[in-house]
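For reference, the structure discussed in these notes is given below.
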Amino acid sequence: GTGRRSGGMAKRKAQGIVVRKDAAGGSSGSKKKSEASAVAVDPVATTTEEAEPARPLRKKKKQAKRPTTGEKKQGGFDLVEAVSSATAGVAVDGRNAVGEPPAWVPLEKHAEQLTATEVLAWLLWPVTPSQFFSEYWEKRPLHVRRGRPAHLSSLFSKADIDQHLANGVEFKYGERINLARFDSVTKRKVDLNSGPRGAVAARSDIVSAWAGGATMQVMHPQQFHDQVWRLLAGLERAFGAVFGANSYLTPNENQGLAPHFDDVEVFMLQLEGSKRWRLHAPPAGEEHPLPRDYSRDFLPEELGELLLDCILDPGDLLYLPRGTVHSGVAIAKEGNHTCTFSHHLTVSTYQKTAWCHLLERVLPAALEKAASQHVEFRAGLPVGFLGYMGTWHDGISEGEAAAGRAGFMRRFKSLLRSLLDYVDADEVCDELGVDFMSLRMPPCCGDAGNVACVASASTATGDGPDEILKAKLLGARLRWLEPSAIRAMISTDPDTSEPTVIIFHAHANSRKQHMCQSMELEDVVGCLRFDAAMFLPAIKKLISAGTEFVRCSDLPLRDDDDKVSFVDHLREAGLVDLRS
């Protein structure tokens, strides 16, 4: 690897360590053995290409110096070796990793039964989840070379897209598909959509653009392809955050988008063919690392130091922290997976999920509460304060103006400190939790159990059929169909001012509208309200049980009618799995 050239400065060689398992089962190298001790680790980077389509142009920033380069090889291609730095990407070679990938796959039916750790273990293998979050998450790119095309082969394919088109699935411009290519002369992206946003793309136009070297961005495949739906539902369960997905197909020797960075954490899954990625630091002047917004398209000569130059093959993973500039070219490679195009699925998350975004919600609410309760926050500013406050007066050290400034700043800082007493982080986190429930994928649960057809047993009277159904329900066991798809919070009933428990849930969410919500959140989120005095103990018992069954008759409620009524409400909302 090389450092950035500065005058006559010599090239810096990249520093790193290779950790391999020897014949005796030990490890070589000078660093502490990690959880992925069976794989080779090289100090190079990763990225994800296209994550979001349109990007508004911003004012061109000062150009950064380009790094000097060394070369390495992968699959017969000369790759530029990355600079050695704390943010340089890392390539993990898992082709000779000891052991097999996890047997569980979050793409199959009943994937909701997998734990968050199991979903992440499958996604990242052979890197462990704990290693990933300690060494890479929000820190540096990661390229996982698996040499196992089958790891992702059942996720999504061009044949699947062709089949959906043949089955009449509408691909609307800007909503389900975008067509574009990168012009190597102008070094800019060229939009090739044949109609306005919302217009249905004719299959002949898609075929024609593809034949001309266009990249196809298939947007939100989780809306119509089950395996992607299950993957995103599992990732949302694992991260507790909304995930999006886009699929990118590019004919060999072509590039779809200009270099850019995204404002999301990106996981790129190579499905078919191969793609060469170059990851860079952004130009000088850009907010970095962890920018709050996505970037404009950059020109190649603007880019900062090279972080990674790598090739993704089928089954490989590339993780990019937000702010990593990336650009990719589809390439032809000899071998068992020879393909005329590259196809990868980008899944991304953590958009506007930083501490600054939490504070943007917390502080206005705290100020409103403080001002409503204490007069010092409502007191007027000092008379004549503009005569000694402002940048013109900064630096005054004596006289009445200096005394006025000192008093003003003491009062200002005192109020800021007092404001902390009114910060309610739990309240704002509840708001974020409700947002998540309303925006996430509906859970891809299996059946609701073998007594789910019990209808309105709470109305049972006498010893007739209704009483039999009531007895059957009381003898049944229940659990949440998907514990992560519910969120309980304590509130106050606006009509009675009595404590109430609200259960927000994602079961009523529309899969076809995922990442495309147009309504206000409170209009679409599913919720149930229960009197806290009566139902709080039962709700606590169910939530504490997680995925374990609880017998209906064991619910801590006053009488059988209350138990039946409670369970019936949960059943009708589709939240519970009932078993006899």
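The values are calculated or read from the model by the stated rules, or taken from the named source; none is laboratory data. A quick note: this is a predicted structure, and the numbers were derived from the prediction, not measured. No Cβ is skipped: glycine too gets one built from the backbone with ideal geometry, and neighbour counts run over all protein chains shown. These accessible areas exclude ligands, DNA and RNA; they are computed on the full protein's heavy atoms, side chains included. Shrake-Rupley method; radii C 1.70, N 1.55, O 1.52, S 1.80 Å.
I'm checking my understanding of the structure. Among residues of segment 413-431 that are of a type in the set (A, V, I, L, M) and open to solvent by 80 Å² or more (accessible area, probe 1.4 Å), which one is nearest to Ile503 (Cα to Cα)?
The selected residue is Leu420.
I need the full set of residues from segment 523-560 which are hydroxyl-bearing (Ser, Thr, Tyr) and within 13 Å of Arg487 (Cα to Cα), in order please.
Ser544
Restricting attention to segment 115-125, does a residue exist that is in contact with a Lys or Arg (Cβ under 9 Å, 6 or more places away or on another chain) and open to solvent by 30 Å² or more (accessible area, probe 1.4 Å)?
Yes, segment 115-125 has at least one match.
When you go through Leu415, Leu358, Leu367, Leu419 one by one, which is the residue that is closer than 30 Å to Leu231 by Cα, assigned to a helix (DSSP H, G or I) and out of contact with any Ser or Thr (no Cβ under 8 Å at 6 or more places or on another chain)?
Sole residue among the options that is closer than 30 Å to Leu231 by Cα, assigned to a helix (DSSP H, G or I) and out of contact with any Ser or Thr (no Cβ under 8 Å at 6 or more places or on another chain): Leu358.
Can you confirm whether Ser438 is outside any helix (DSSP H, G or I), open to solvent by less than 40 Å² (accessible area, probe 1.4 Å) and under 30 Å from Leu120 (Cα atoms)? Steps first, please.
Working: outside any helix (DSSP H, G or I): no; open to solvent by less than 40 Å² (accessible area, probe 1.4 Å): yes; under 30 Å from Leu120 (Cα atoms): yes.
Answer is no for this residue.
I'm trying to understand the selection: among the residues of segment 211-229, which are touching a Lys or Arg at 6+ places or on another chain (Cβ under 9 Å), in a strand (DSSP E or B) and not aliphatic (A, V, I, L, M)?
Correct list: Thr215 only.
Of the residues Lys333, Lys275, Lys352, which is basic (Lys, Arg), touching a residue at least 24 places away in the same chain (Cβ under 8 Å) and at positive phi? Break it down into steps so the answer makes sense when it comes.
Values: Lys333 fails: at positive phi; Lys275 fails: at positive phi.
Unique residue meeting the criteria: Lys352.
Output the residues belonging to segment 471-489 that are surrounded by 17 or more Cβ atoms within 10 Å (Cβ to Cβ) and either modelled with pLDDT under 90 or small (Gly, Ala, Ser) (or both).
Correct list: Leu473, Ala476, Ser484, Ala485, Ala488.
Going through segment 162-210 one residue at a time, which ones are part of a helix (DSSP H, G or I) and more than 30 Å from the chain's Cα centre (by Cα)? Break it down into steps so the answer makes sense when it comes.
Narrowing segment 162-210 to residues part of a helix (DSSP H, G or I): 162-166, 203-210.
Hits for segment 162-210 are Ala166, Arg203, Ser204, Asp205, Val207, Ser208, Ala209.
Look at segment 310-342 and say how many of its residues are within 24 Å of the chain's Cα centre (by Cα) and either charged (D, E, K, R) or part of a loop (DSSP other than H, G, I, E, B) (or both).
Total satisfying the criteria: 8.
Return the total of residues in segment 262-293 being in a strand (DSSP E or B) and either open to solvent by 10 Å² or more (accessible area, probe 1.4 Å) or touching a Pro at 6+ places or on another chain (Cβ under 6 Å) (or both).
7
When you scan segment 126-145, how many residues do you find that are open to solvent by less than 50 Å² (accessible area, probe 1.4 Å) and either in a helix (DSSP H, G or I) or without any contact (Cβ under 8 Å) to a residue 12 or more places away in the chain (or both)?
3
Condition first: open to solvent by less than 30 Å² (accessible area, probe 1.4 Å) and either aliphatic (A, V, I, L, M) or outside any loop (DSSP other than H, G, I, E, B) (or both). Now tell me which residues in segment 86-107 satisfy that.
Scanning segment 86-107 gives Ala88, Val90, Ala91, Val92, Ala97, Leu107.
For the list (1) in a helix (DSSP H, G or I); (2) at pLDDT below 85; (3) crowded, with 17+ Cβ neighbours inside 10 Å, I need the number of the one condition that Ile468 fails.
So Ile468 meets the others, but not (3).
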